[in-house]
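Visitor: To start, I am sharing the structure in question, which I have written as structure tokens.
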Amino acid sequence: MSIVSTVRGSLGLKVSLKLAVLVIALTAVAAVIIVTTQTRQMEDLTLEKARVAAAIGARQYGDFLDNAIDSGLATVADVFDRNYVEIKGYDFGGKPKYHTRYDALTDKAVLVFQDKFLDQEDFVFAVGVDENGYLPTHNTRFQKAVTGDAAKDLAGNRTKRIFADPVGLAAAKNKEPSLLQVYQRDTGETMWDVSSPILVKGKHWGGFRVAVSMERIQAHQRHLILVLGGIFGIFTLITIGALFLVVHGAMRPVVALTESARQIGLGEALDVPIRPESEDEIGQLTKTIDRLRVSMKAAMERLGH
């Protein structure tokens, strides 16, 4: 007998399968809701951390430049220098680099606190740029030695460049407390860019940019899906097994009644009373079949006479 025939011939299996499909569907919906909710909460929490980091970074960057002016290390004109002097002697793969009158100061002072932000693993970079997108001092991880390999240097040495792409310029010129954008880097990575304005002596100087890795969020999501998938898979198997056992146990009286009805139909076991074990629908059906047995026995006795 095939599996299909077995299922068709068994009410218990039909009920079990229908309940199993319902459980799996409800479990899948619950899993999707949990993954979606947890991912959204993770994104919101990470972006909020980035907003706080950008605001703190902007204040620290502005304070450093203010203090440099106050201590005589630089003048206001130096700090707002927009005369970008191209660095010669190296092939930067079509991405020129520049010196300004203040980049030597930022190399010494801002690198330490900028790198501190990268202790948060979801952050890719945290840097200050002037209003034209010029980045005087990048994070340490993006100041690797120039190799001459354009592809490697593009990803590994990104300091002292002018990032004049639409996202970079919007971040540099933004004067709102926080600006969130989707940033497509020229290295192919896509991430969130969160920026806050840097003020020097009360004047807008540029912006502090914090990049949040979308890949890390997606990796967290994939991990969550795998964990929940395993948990719900085990839960589903246990639930289906339990349902089958419960339904199978509940169907036993029906199976017994079916056999009794079959025997009565053949005129057998008419002297054996069929006693109900409960007062529910099965009990009522049992009483009805027992009355049928009594009627059948009486009819058989009359025919015998």
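Visitor: Based on the Kirkwood radius over alpha-carbon pairs, what value in µm²/s does the Stokes-Einstein equation return for the translational diffusion coefficient of the range 181-248 at 37 °C and 0.692 mPa s?
Guide: 201
Visitor: Turning to a different aspect of this structure: For the range 106-137, list residues with backbone N below 17 Å from a point placed 7 Å from the Cα of Arg82 toward its Cβ?
Guide: Within reach of a label on Arg82: 129-136.
Visitor: Continuing with this model, one more query. Tell me which of Ala151, Gln181, Gly168 sits at the most positive position along the dipole axis of the range 131-200, charges placed on C-beta atoms (Lys, Arg +1; Asp, Glu -1).
Guide: Looking along the dipole axis, the top candidate is Ala151.
Visitor: What are the ³J(HN,Hα) couplings of the range 171-178, residue after residue, when phi is run through the Karplus curve with 6.51, -1.76, 1.60 and θ = phi - 60°? Round to Hz, x for glycine and proline.
Guide: Taking θ as phi minus 60°, the curve returns 5, 5, 9, 4, 10, 6, x, 8 Hz for the range 171-178.
Visitor: Starting from one equal scatterer on each C-alpha and no solvent at all, send me the Debye-based log10 I(q)/I(0) for the range 165-305 at q = 0.09, 0.21 Å⁻¹, two decimals.
Guide: -0.58, -1.15
Visitor: Taking the Cβ-Cβ separation of Gln143 and Leu237 as r and a Förster radius of 51 Å, what is the calculated FRET efficiency to the nearest 0.05?
Guide: About 0.45, to the nearest 0.05.
Visitor: From Cα pairs below 8 angstrom and at least 6 apart in sequence, can you work out the relative contact order of the chain, rounded to a whole percent?
Guide: Relative contact order of the chain: 19 percent.
Visitor: Given that compact globular proteins tend to follow 2.2 N^0.38 Å, what is the ratio of the alpha-carbon Rg of the chain to that value?
Guide: 1.96
Visitor: I've got another one for you. Treating the range 85-222 as a set of equal point scatterers at the Cα positions, no solvent, please give the Debye-formula log₁₀ I(q)/I(0) at q = 0.12, 0.16 Å⁻¹.
Guide: Here the Debye-derived log intensity ratios amount to -0.47, -0.84.
Visitor: I need the peptides 19-28, 58-67 ranked by packing, meaning the mean over residues of other C-beta atoms within 10 angstrom, with the highest value on top.
Guide: Result, highest mean Cβ count within 10 Å first: 58-67, 19-28.
Visitor: Please compute the contact order of the range 22-178 in relative form: average sequence separation of alpha-carbon pairs under 8 Å and at least six residues apart, divided by the residue count, as a percent.
Guide: 20
Visitor: For all pairs of alpha-carbon atoms in the range 91-162, what percent lies in each bin of width 10 Å, listed from the first bin to the last filled one?
Guide: Bin by bin from 0 Å, the calculated values are 20, 51, 28, 1.
Visitor: Quickly rank 196-202, 288-294 as a protection proxy: mean count of other C-beta atoms within 10 Å, highest first.
Guide: 196-202, 288-294
Visitor: Let me ask another. Within the range 30-163, how many lysine pairs that are 8 or more places apart, or on different chains, have C-alpha atoms less than 28 Å apart?
Guide: For the range 30-163, qualifying lysine pairs total 29.
Here, each number is a calculation from the coordinates, and none is a lab measurement. Source: prediction; values computed, not measured. Please note: Cβ atoms are built from the backbone with ideal geometry, for glycine as well, and neighbour counts cover all protein chains shown.
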